[in-house]
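The values are calculated or read from the model by the stated rules, or taken from the named source; none is laboratory data. If you're wondering where the values come from, they're calculated on a predicted model, not measured in any experiment. Cβ sites come from the backbone with ideal geometry, for glycine too, and all protein chains shown count toward neighbours. Protein only, heavy atoms only, side chains kept; ligands, DNA and RNA dropped before computing areas. Shrake-Rupley method; radii C 1.70, N 1.55, O 1.52, S 1.80 Å.
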Amino acid sequence: MSMSHNGSGVAARRNSADAAPHHPGRGGRARDVPKGRQVDPAALAEVEALLAGRAMRRDLLIEHLHLIQDAHGQISAAHLTALAELMRLSIAEVFEVASFYAHFDVVKEDAPTLPKLVVRVCDSIACSMAGGGEALLAALQASVGPAARVVRAPCLGMCDHAPAVEVGHHFVRQATVPAVLETIAAGDTEPHVPPYVDYAEYLAGGGYRLLENLRRGAVSADDVLAVLDDAQLRGLGGAGFPLARKWRSVRGEPGPRLMAVNADEGEPGTFKDRHYLNTDPHRFLEGMLIGAHAVEATDVYIYVRDEYPAARTILANEMPKLPQGGPRLHLRRGAGAYICGEESAMLESIEGKRGVPRHKPPFPFQIGLFGRPTLINNVETLYWVRDLVERGPAWWTSFGRNGRHGLRSFSVSGRVREPGVKLAPAGITVRELIDEYCGGMLPGHSFAAYLPGGASGGILPAGLGDVPLDFGTLEPYGCFIGSAAVVVLSDHDDVRAVALNLMRFFADESCGKCTPCRMGTQKACLLMQRPVWDRKLMEELAQTMRDASICGLGQAATNPLVAVLRHFEAPS
């Protein structure tokens with residue numbers, strides 16, 4: 001449907017409404033205007049210009065909202081109404097989506113115009129430990145003035161450069177007030193794309209040869225699956241489900257089938273997917289296309305968090321260069337919602353809806369995106385597929401310590417000299433990781449505790465610093481490795497304050513769909529601010545949230561709290 005047709009349709013409906021007979025209202029008065037909010041012609045023209053040549057499908061609603069937000073720095077009531085008219089949706093449908101996501105600033109009618117530039121100050125655990133958070137937020141709010149609006153942000157995925165501040169779509173690393181003010185004054189608001197392995201360089205290094213062999217039949221999908229089986233590669237996004245088993249489950253469902261890539265890496269402490277997307281994107285893309293071929297997916301949707309603008313730019317530049325003949329590729333942009341890292345909430349968001357988890361069963365491999373069987377993998381999992389098949393499973397299993405096998409990409413932040421992504425053997429201990437890969441602790445800091453698996457993975461004391469870091473090794477201590485986000489704490493840190501910071505994150509990011517998570521995270525924050533913790537009540541609350549929450553956010557939100565009670569608090 002063309003934009004001009006949409007525009008004329010608006011005019012036709014407006015004229016017919018004006019010509020309609022007026023019915024007596026309350027008190028016998030005739031209504032002077034049609035019922036409901038009317039479309040503003042100027043706003044309609046602006047939205048039509050932004051969406052020129054674009055499809056008006058329901059699943060593109062979030063993409064279209066981004067265009068308005070980027071152009072105007074906010075979404076006015078008039079623009080929201082115009083978008084609803086053009087997409088043939090109710091205003092309520094558009095408003096509920098726009099108001100759900102943190103990166104859409106929906107402005108009420110007659111409200112003051114907001115400054116277009118947004119400055120986001122991260123207050124998650126690594127940034128708070130490094131001097132960011134509330135203090136930096138208050139200082140910037142007092143200093144920036146009318147040039148921009150300064151807001152808090154849950155996690156920007158820049159934990160290795162803490163404290164981080166995002167000015168527009170540009171990140172200020174190790175941020176200070178003068179550095180942020182200088183960035184604003186310079187108008188430096190676009191993402192800085194780092195050097196990366198582009199298509200030509202990747203191809204020169206043997207890239208896409210495996211994909212070509214697979215497509216022409218020299219290598220079969222069963223051959224690939226056998227290698228993944230022998231290497232025992234598991235999903236590296238957090239759940240650790242065996243990769244080959246997942247691919248076979250999708251292949252066993254009737255077609256047509258789809259694939260969705262989860263690059264919405266929002267767990268505080270986690271940034272490994274950002275690293276791989278920003279440095280070697282084609283290794284991930286080839287693994288993605290191999291997976292799509294194995295399950296015969298007709299379309300692949302890559303869902304990238306909004307806090308990764310450089311990665312989106314790189315993918316947008318490189319995807320058109322990919323070998324022809326594969327599935328249709330769609331790059332989708334998140335909008336600031338941690339919950340969309342949960343696989344079914346991500347599917348809802350790709351469909352242009354609020355990112356709320358679905359009840360299971362059915363599972364996504366049965367009924368997933370647009371009701372079709374869907375393969376879902378994260379970036380790092382797909383990144384290793386080419387190397388595994390070309391080098392063989394023995395190469396992968398040759399790595400490992402303490403009886404474990406394979407490699408893990410650890411996102412390390414906190415009180416270490418050299419934070420960052422550390423490719424290390426599975427089963428390495430946190431002490432070994434700190435000493436061998438991170439240059440030791442910061443001067444004047446002694447190792448005291450650590451988060452082995454990001455915000456939801458729990459907290460362990462230094463006395464358990466020799467536990468191997470891998471799937472299944474941390475569960476006896478009430479923790480898990482998840483996406484291998486290791487946050488190192490020192491004797492300068494208060495574990496109660498750390499746990500409260502994490503719980504506030506979960507309370508802020510709860511989608512609100514289920515009561516145990518929505519109310520439980522808020523109640524936990526209140527209980528954790530008391531000088532004396534009520535152990536019995538906290539444990540009862542944690543158990544209720546684990547048992548009754550719909551998705552992993554609510555089920556795992558109390559892990560840090562329970563870990564503090566178990567490992568750091570004396571029984572009362």
Task: Candidates per chymotrypsin sites (Phe, Trp or Tyr not before Pro) in the range 244-335, loop by DSSP, up to 14 other Cβ within 10 Å - done: none
Open item on the list: From the Cα trace of the range 148-262, what convex hull volume per residue do you get, rounded to a whole Å³?
Closed with: 204 Å³
Task: At R0 = 30 Å, FRET efficiency that the Cβ-Cβ distance of Asn317 and Arg58 yields, to 0.05 - done: 0.60
Open item on the list: Between 0 and 90 degrees, rounded to the nearest ten: what's the tilt of helix 281-295 against the longest Cα principal axis of the chain?
Closed with: 80 degrees
- [ ] Please calculate how many Å² of accessible area the chain carries per residue, with a 1.4 Å probe and no DNA, RNA or ligand atoms counted.
- [x] 41 Å²
Task: Value of D in µm² per second that Stokes-Einstein yields for the range 157-222, Kirkwood Rh from Cα pairs, at 25 °C (0.890 mPa s) - done: 160 µm²/s
Task: Cβ-isolated cysteines (cut-off 4.7 Å), the chain - done: Cys155, Cys159, Cys340, Cys438, Cys479, Cys511, Cys514, Cys517, Cys525, Cys551
Task: Carbon plus sulfur fraction of accessible area for the range 109-265, probe 1.4 Å, in percent - done: 52 percent
- [ ] Calculate one ³J(HN,Hα) per residue across the range 517-528 by plugging θ = phi - 60° into the Karplus curve 6.51 cos²θ - 1.76 cosθ + 1.60, and present them in order as whole Hz with x for glycine and proline.
- [x] 7, 4, 8, x, 5, 5, 5, 4, 4, 5, 5, 6
- [ ] Pop out the carbon and sulfur fraction of the accessible area of the range 464-572 as a percent, whole number, probe 1.4 Å.
- [x] 53 percent
TODO: Could you work out how far the C-alpha centroid of the range 34-80 sits from that of the range 121-144, in angstrom?
DONE: 33 Å
Task: Added length on full extension, which subtracts the Cα-Cα distance from 0.36 nm per residue, Val151 to Thr176 - done: 7.5 nm
Open item on the list: Please list 3J(HN,Hα) in residue order for the range 122-136, calculated via the Karplus relation 6.51 cos²θ - 1.76 cosθ + 1.60 where θ = phi - 60°; whole Hz, with x for glycine and proline.
Closed with: 6, 10, 6, 4, 5, 5, 5, 5, 8, x, x, x, 4, 5, 5
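With Kirkwood's inverse mean 1/r over C-alpha pairs for Rh, give me the Rg to Rh ratio of the range 325-396, two decimals please.
Details: Rg = 15.0 Å, Rh = 14.1 Å.
Using Cα coordinates only, the ratio equals 1.06.
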Open item on the list: Apply the a/c threshold of 1.5 to the C-alpha gyration tensor of the range 101-192 and tell me whether it is rounded, prolate or oblate.
Closed with: prolate
Open item on the list: Tell me the angle of helix 3-19 to the major Cα principal axis of the chain, expressed in degrees between 0 and 90 and rounded to the nearest ten.
Closed with: 50 degrees
Open item on the list: Within 14 Å, Cβ to Cβ, of Ala139, how many net charges do the neighbouring residues add up to if Lys/Arg are +1 and Asp/Glu are -1?
Closed with: -1
- [ ] Write down the percent of antiparallel bridges among all DSSP beta bridges whose residues are both part of the chain, to the nearest 5.
- [x] 40 percent
- [ ] Starting at the first residue of the range 255-260, write each ³J(HN,Hα) from the Karplus equation 6.51 cos²θ - 1.76 cosθ + 1.60 with θ = phi - 60°, in whole Hz, x for Gly and Pro.
- [x] x, x, 10, 10, 9, 10
Task: Sparse-neighbour loop sites [trypsin sites (Lys or Arg not before Pro); the range 203-234; at most 16 other C-beta within 10 Å; DSSP] - done: Arg216
Open item on the list: Between Asp491 and Asp534, what is 0.36 nm times their sequence separation minus the Cα-Cα distance? Round to one decimal in nm.
Closed with: 13.0 nm
Open item on the list: Just to be sure I understand the curve: with the Debye formula and one point per C-alpha of the range 75-131, what is log10 I(q)/I(0) at q = 0.21, 0.23, 0.27 Å⁻¹?
Closed with: -0.83, -0.92, -1.10
- [ ] Calculate the spin-label point distance for Glu296 paired with Ser398, positioning each point 7 Å from the Cα along the beta-carbon direction, and give it in nanometres.
- [x] 3.7 nm
TODO: Taking each pair of different alpha-carbon atoms in the chain once, compute 1/r for the pair, average those values, and report the inverse of that mean as the Kirkwood hydrodynamic radius in Å to one decimal.
DONE: 25.3 Å
Task: Cα gyration tensor shape for the range 36-120, rounded if a/c is under 1.5, else prolate or oblate - done: rounded
Open item on the list: Given axes a ≥ b ≥ c from the Cα gyration tensor, I'd like to know whether the range 235-330 is rounded (a/c under 1.5), prolate (a/b larger than b/c) or oblate.
Closed with: oblate
Task: Inverse mean reciprocal Cα-Cα distance (Kirkwood Rh) of the range 229-271, Å - done: 12.3 Å
Task: Using alpha-carbon coordinates, inclination of helix 535-548 to the longest axis of the chain, degrees - done: 60 degrees
Task: Zone of Ala49's modelled label, taken as backbone nitrogen in the range 57-72 under 15 Å from a point 7 Å along Cα→Cβ - done: 68-72
- [ ] Give me the percent of the accessible area of the range 283-415 that comes from carbon and sulfur atoms, probe 1.4 Å, all protein chains in place.
- [x] 49 percent
- [ ] Please give the length that would be gained between Asp223 and Glu436 if that part of the chain were fully extended, namely 0.36 nm times their separation in residues minus their C-alpha to C-alpha distance (nm, one decimal).
- [x] 73.0 nm
